[in-house]
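See below for the structure under consideration.
The values are calculated or read from the model by the stated rules, or taken from the named source; none is laboratory data. Please read all numbers here as calculations on a predicted model, not as lab measurements. Note that we place each Cβ from the backbone using ideal geometry, even for glycine, and neighbour counts take in every protein chain shown. Surface accessibility is based on the protein's heavy atoms, side chains included, excluding ligands, DNA and RNA. Shrake-Rupley method; radii C 1.70, N 1.55, O 1.52, S 1.80 Å.
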Amino acid sequence: MPSTPPPVPGSRVRVSPYAPETAAFLDRWVRRTGLTQSFSAQRRFRRAGCAAFAARVMPDAECARLQRGAAWLVWFFVLDGILDGTDGEHGPGGQPPPFADALLDFLPMDTGRTPPPRTALERALADAWRMVAPVMSPEWRLRFRTRFGEFTCAWLPGTAGGGRAPGAAHPLLELIEYTSGHEVPDAVRELPEFRAVAEAAVLPRPGERKLSPDFLAARAAALRRADSELARELLRQGLPDGALAYTGALSTWLAGLSPDLDPEREREVPADAHRLGLADDVTAVGLLRPRRPVPPPAPSTGGGTGALQGGSE
C-alpha cells in the first residue's frame, strides 16, 4: 500500500474525517478474520497506515462505507504482499498456489453461504463480500465477480508463462461505486466515453511499486479529458448525470495516491512502501495454509455487523 507521508498544511488532498473510526474498525477486522495472527504482524499493520490511506483516496465516503471499502483495500494489498513472498510455494509445473482457484467461491452472487474457509485469506474475502454485496445490485455483483476473476487469473503467479503478469485492477473501480454511493447505469457504462474514463483511472495492479508524480499527473490529465467528454455525451443523449459523481470519486482516488509532500523535508518514499509488511508473518502462521477449523465469523465490531443484515446498512 502506498504509505506516503500525510498531506502537509495547505495540501490539495482532502482527508476523510472518519479516519480514526476506520483505523479502529480495521484493527479489529484483521484480528477477527485472522489476517494478522501475531503481535508483530499487528504492529506492522498499524504502522502501514491503511486507514489513513483509505481516508485520502475515499474522503467523501460515509463512515460505514469507508470502513468496508478500506477492508477491501487491505485484502487486496495483503494478497499483493503474500504473492510477493510465495516463491517456491507454487504447485507442480509452476501452477498457481492452491488457494487461487477457490477465491471466486467466496463471492456468491446471492450473497448466501460460502464453503467453509480454510485460510485467513478466504475468511477475510468472504467477510468483505458480505459487508458490501447485499446493498449493491445483482448487476454490480456480477460485474465485480467477473472483474475479480479476470484480475486474479491475469495476476496470480504461474498463469502467464510461469511469471507474474500484472492485471488491470478493475475490481477497485467497482469498489469505488460502492464507496461513492453511485452505481453507474448500464446505458452510461456502454458509452465509449465512459470506457475511456475507466481506462484512464485504472492502475496496472492494486499497488504500484513506484507511483511517480509524472505517472499520476498523466493519468489525472487523461481522466479530466475523458470526464469532460463523458459530461458532454451525457448531456447530448439526455442520460442521467449521476455517473459524474462516480467519475469525480475516481479523480479523488488518483489525487489521494500522491499527496503533496513538504519540499523542505524532501522525503523520498521507498519503492516498496505500499506493502503491508506482513510477508514475514506469512511464513510463520501460514495465511495460505489450511488451519484447524474455526467458528463462523463473528459480527464485526464497530460500524454495524460483519455482514450487512437484510441488505441495509
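Taken over the range 138-153, the residue count meeting the criterion of being within 21 Å of Ser180 (Cα to Cα), within 19 Å of the chain's Cα centre (by Cα) and touching a residue at least 40 places away in the same chain (Cβ under 8 Å) is 3. So, of the residues in the range 215-238 that are farther than 14 Å from Pro192 by Cα and in contact with a Leu (Cβ under 9 Å, 6 or more places away or on another chain), which turns out to be least open to solvent (accessible area, probe 1.4 Å)? Here the residue is Leu216. Looking only at the range 230-252, residues that are more than 27 Å from the chain's Cα centre (by Cα), in a helix (DSSP H, G or I) and either closer than 19 Å to Glu174 by Cα or not basic (Lys, Arg) (or both) come to 4 in all.
Going by what's in this entry, would Ala61 be described as crowded, with 18+ Cβ neighbours inside 10 Å and in contact (Cβ under 8 Å) with a residue 24 or more places away in the chain? If you could, list the steps in order and put the result at the bottom.
Working: crowded, with 18+ Cβ neighbours inside 10 Å: yes; in contact (Cβ under 8 Å) with a residue 24 or more places away in the chain: yes.
So Ala61 passes the test.
Contact map, the range 103-128: first residue farther than 21 Å from Cys153 by Cβ, second residue outside any loop (DSSP other than H, G, I, E, B) and among the small types (Gly, Ala, Ser), Cβ cut-off under 7 Å, separation 6 or more or different chains; pairs are Thr111/Ala133. Residues in the range 109-128: is at least one part of a helix (DSSP H, G or I), modelled with pLDDT of 90 or more and surrounded by fewer than 22 Cβ atoms within 10 Å (Cβ to Cβ)? No, there is no match, as no residue in the range 109-128 is part of a helix (DSSP H, G or I), modelled with pLDDT of 90 or more and surrounded by fewer than 22 Cβ atoms within 10 Å (Cβ to Cβ).
Does Gly69 count as of a type outside the set (S, T, N, Q), out of contact with any His (no Cβ under 6 Å at 6 or more places or on another chain) and either farther than 16 Å from Arg130 by Cα or surrounded by fewer than 17 Cβ atoms within 10 Å (Cβ to Cβ) (or both)? Reasoning before the result, please.
Details: of a type outside the set (S, T, N, Q): yes; out of contact with any His (no Cβ under 6 Å at 6 or more places or on another chain): yes; either farther than 16 Å from Arg130 by Cα or surrounded by fewer than 17 Cβ atoms within 10 Å (Cβ to Cβ) (or both): no.
Judged against the criteria, Gly69 is not a match.
Put simply, of Gly167, Gly162 the only residue that is at pLDDT below 85, open to solvent by 50 Å² or more (accessible area, probe 1.4 Å) and over 17 Å from Gly248 (Cα atoms) is Gly162. Restricting attention to the range 17-67, the residues that are modelled with pLDDT of 95 or more and either of a type in the set (Ser, Thr, Tyr) or touching an Asp or Glu at 6+ places or on another chain (Cβ under 9 Å) (or both) add up to 9.
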